[in-house]
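Taking it in order: structure first as structure tokens, then the write-up.
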Amino acid sequence: MNENLTTAAAAMTAALADPAGAPSHPAIFLVLGVVTFALHIAAVSILLGSTGLALFARYKATDYWLRLGSTMAFTAKAATGAAIVLGVAPLLFVQVIFDPFWYASSMLSAVWTLVFLGLLMIGYLALYRVHSILHTQGGENKGRGAVLWLAVALVLFLACGTLMHVLSNQALFPTHWLEWYAPEGQVDTSGRGLHYVLIPRLLFFFALSLPVTAAWIYGMRRWVLSKSHQTMEDGLYSDFLEKVAFGMGRTGGILVVLLGIVWMACLPSEQSWFLLSAWPYVGLIGALFFVAMPFIQKRRRLCTTCNYMAFVMTIVMTVLLAAVREALRVGTLLESAGFNPMNLAVHWDVPSLAIFFVTFLLVGGTALAYIFISAWKAGLATAGQPGAVWTPSAGLERLGFWASTLLGLWIVGYFVVGFAVVLQ
Ligand code: HEM
């Protein structure tokens, strides 16, 4: 690597660094960044997988496919919301510890950073259009108009993923920023460039959507089998779901392994050190799990816990892959800009750390627990019985009370603290 460029990159990123440093130990942010990125990419995978599957279902157009397609179109909408919310969290952590890199990359492609938001909004609205078409045109079977909007959503979401990839990837190569910012000495402040796509890396993340969505469908299959009112149809439908999940999981797992290998073979020179480390083998464990998952499920098809565990283990393995991805970033920035997040100045800010964890665990935890438990129990008790009414237990009512009270207190606290700071 060119020594002068590395020294210049080190000086530049040191000048861009926020003098406020980190509000607590950088390791906390690294771990939170890895975990929340894993959750983000899991939600993104379900979003892409379910949108794709809903589209494919319209092409197959049998009764079971259309039933699955309708459920997947609904899932895609919820997954988009989850992917957006779970995207904000790693964004915060990236900004705290890798701010000069993320900032520079966003400036180099500033126009696309804004275009990303527009594409995401149109994609999300397209899914609402799908929902209304499926609802008004005879529910599950007839909504042919949905095909166009599903295709629009899928293309736009893939474009969003590509832009995210470029922003992440450009941030890793500070020694190239000057040639991107001022090609042949001509400064280009337009922010219209997209400078670095590493196709195997991008496809690796897209391919994850197949096994992750397969794991989700294994959970759905078990859920269908757990409903209080079982019909013969439910049994046949759950067999169909199992077949779909197996095919998707097996093909997807193999693709993930192959693309992982191609990604490693195509690493640029700044990242060649990575191949000499143990990290690619750690990543291989995660990728091989996805190949094994459908076969494990086949052997454990009657085990309720194992069926749900497919998704839990999928999250564990995405955390593993996210850790490998983070190691690649930390090592690359150390090599090319001498940047080590562990050396960031720490100015402890305990109140902001406490507010973060209290908000995350208490406010978010109770609200999410209430919503998930209610949706789960209401679904199991009423699915397939039009007009059936579900009554929550006293314990769940209490959880709901605390979820809304804590949220209310948080909102009041937010304004009280805000006014106190502004008026002091
Ligand atoms: C359809 C919507 C989205 C898709 C398909 C998508 C996809 C992706 C992919 C594939 C990556 C990994 C890129 C790589 O490492 O090469 C990624 C990273 C990331 N995404 Fe998303 N994303 C979406 C929406 C969002 C949103 C709305 C946010 C923020 C509010 C967000 C925040 C992030 C962050 C912070 C990273 C990691 C950046 C880093 O570690 O350098 N994403 N996303």
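Data table
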| read-out | value |
| --- | --- |
| Some residue of segment 7-19 being assigned to a helix (DSSP H, G or I), polar (S, T, N, Q), more than 30 Å from the chain's Cα centre (by Cα) and more than 30 Å from Gly249 (Cα to Cα) | yes |
| Tyr181 being of a type in the set (Ser, Thr, Tyr), surrounded by 15 or more Cβ atoms within 10 Å (Cβ to Cβ) and within 16 Å of the ligand (Cβ to nearest atom) | no |
| From the options Ile97, Ile28, Ile84, residue that is within 26 Å of His195 (Cα to Cα) and surrounded by fewer than 21 Cβ atoms within 10 Å (Cβ to Cβ) | Ile84 |
| Failed item in (1) assigned to a helix (DSSP H, G or I); (2) buried (at least 18 other Cβ atoms within 10 Å of the Cβ), with Asp234 passing the rest | (2) |
| Boolean, Trp223 is closer than 20 Å to Val44 by Cα and open to solvent by 20 Å² or more (accessible area, probe 1.4 Å) | no |
| Filtered residues of segment 3-16 (kept if within 18 Å of Ala104 (Cβ to Cβ) and open to solvent by 40 Å² or more (accessible area, probe 1.4 Å)) | Leu5, Thr7, Ala8, Ala11, Met12, Ala14, Ala15, Leu16 |
| Condition check for Gly161: modelled with pLDDT under 95 and within 11 Å of the ligand (Cβ to nearest atom) | no |
| From the options Ile133, Ile199, Ile122, residue that is at negative phi, among the β-branched types (Val, Ile, Thr) and open to solvent by less than 40 Å² (accessible area, probe 1.4 Å) | Ile133 |
| Test set (1) open to solvent by 60 Å² or more (accessible area, probe 1.4 Å); (2) free of Cβ contacts under 8 Å to residues at least 60 places away in the same chain; (3) away from the ligand (no atom under 13 Å from the Cβ); (4) not charged (D, E, K, R) - Met72 fails condition number | (1) |
| Selection within segment 184-203 - within 13 Å of the ligand (Cβ to nearest atom) and assigned to a helix (DSSP H, G or I) | Ile199, Pro200, Arg201, Leu202, Leu203 |
| Leu288 open to solvent by 30 Å² or more (accessible area, probe 1.4 Å), assigned to a helix (DSSP H, G or I) and within 21 Å of Ala38 (Cα to Cα) | yes |
| Gly49 being in a helix (DSSP H, G or I), in contact with a Phe, Trp or Tyr (Cβ under 6 Å, 6 or more places away or on another chain), modelled with pLDDT of 95 or more and under 24 Å from Ala215 (Cα atoms) | no |
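The values are calculated or read from the model by the stated rules, or taken from the named source; none is laboratory data. Bear in mind the structure is a predicted one, so any value in this text is a computation, not a measurement. FYI the Cβ positions are ideal-geometry reconstructions off the backbone, even for glycines, and counts take in every protein chain you see. Quick note on the areas: whole protein, heavy atoms, side chains included, nothing else; ligands and nucleic acids left out. Shrake-Rupley method; radii C 1.70, N 1.55, O 1.52, S 1.80 Å.
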